[in-house]
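Worksheet for the structure shown next.
Every read-out reported here was derived from the displayed coordinates using simple, explicitly stated rules and does not represent laboratory data. Not measured: the values here are computed from a predicted model. Glycine also receives a Cβ, built like all others from the backbone with ideal geometry; neighbour counts cover every protein chain displayed.
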Amino acid sequence: MFKNRIFVSGLGIGVIVGAILLQIMLIRPSAAPNTDPSGTISLEEMDPQKLKQEASKYFQVYDLNVKMFTQAELDAAVQKKIKEEEDKAAAAAKPEQQPTKAPPQKIVIYVQPSLDATAVADLLVQSGVITDRNAFAAELAKQGGNYKIQVGFHAFEGVQDMAGIVANLLTQPPK
């Protein structure tokens, strides 16, 4: 009746054998639920300690609360600790001293009648009252005092700003 009877019979037998093999494969895992084909315990049924032991065979395993450092972070932490230890050693080597505040230094200059603004600036630089001659000249010009510098003794105490120095030179010194 069929021309390809052998082909159709082979195809039918193949489908039946495939279905039987598929059923056997699906039954196999339920027969032994605690082990996989290699004989070890499945991951779903392991407690955390057993899972850690199995993973440590192939990987480095760390707890979640363990801080991991990069090489740069480790170097920075080591340098910080070394500096702290050096500071402690230096503090232990020197007896503790109370820092004493030096009283502000008092500088007195005498402005002669024949001195102009440039000569006064030179005198202030030499005495250590100012460090920048140009800033002094600019502030003096700003306050309009190039020709109003008072003759006499002028006292400067501590660190003063440029405006205070110029104001001191423009006011009449006490006699």
- Query: So what J values fall out for region 125-136 if you push phi through Karplus, 6.51 cos²θ - 1.76 cosθ + 1.60 with θ = phi - 60°, rounded to Hz, Gly and Pro as x?
  - Reply: 5, 5, 7, x, 6, 10, 10, 10, 5, 5, 5, 5
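So between residue 122 and residue 71, what do we pick up on full extension, going 0.36 nm a residue minus the alpha carbon distance?
Taking residue 122 through residue 71 to full extension adds about 12.7 nm, to one decimal.
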- Item | Order by protection proxy (mean Cβ within 10 Å, highest first), peptides 60-70, 129-139 | 129-139, 60-70
- Which cross-chain or sequence-distant (5 or more) residues have an amide H under 5 Å from the amide H of residue 156, H modelled 1.01 Å from N in plane? 107, 108, 109
- Note on the structure: Phi angles of region 63-72, converted by Karplus (6.51 cos²θ - 1.76 cosθ + 1.60, θ = phi - 60°) into ³J(HN,Hα) in whole Hz with x for Gly and Pro, give 5, 5, 8, 7, 7, 9, 10, 7, 5, 5
- Task: Report the extension gain between residue 134 and residue 106 in nm, rounded to one decimal, defined as 0.36 nm multiplied by the number of residues separating them, less their alpha carbon distance.
- Result: 7.8 nm
- Kirkwood Rh over alpha-carbon pairs of region 131-175 plugged into Stokes-Einstein at 10 °C, 1.306 mPa s gives a D in µm²/s of 145 µm²/s
- Message: Give me the dipole magnitude in Debye, nearest 20, for region 126-175 about the Cα centre, with unit charges on the beta carbon: positive for Lys and Arg, negative for Asp and Glu.
- Response: 220 debye
- Computed lengthening from residue 61 to residue 4, 0.36 nm per intervening residue step minus Cα-Cα distance: 14.3 nm
- residue 115 long-range amide H proximity, modeled H, under 5 Å: none
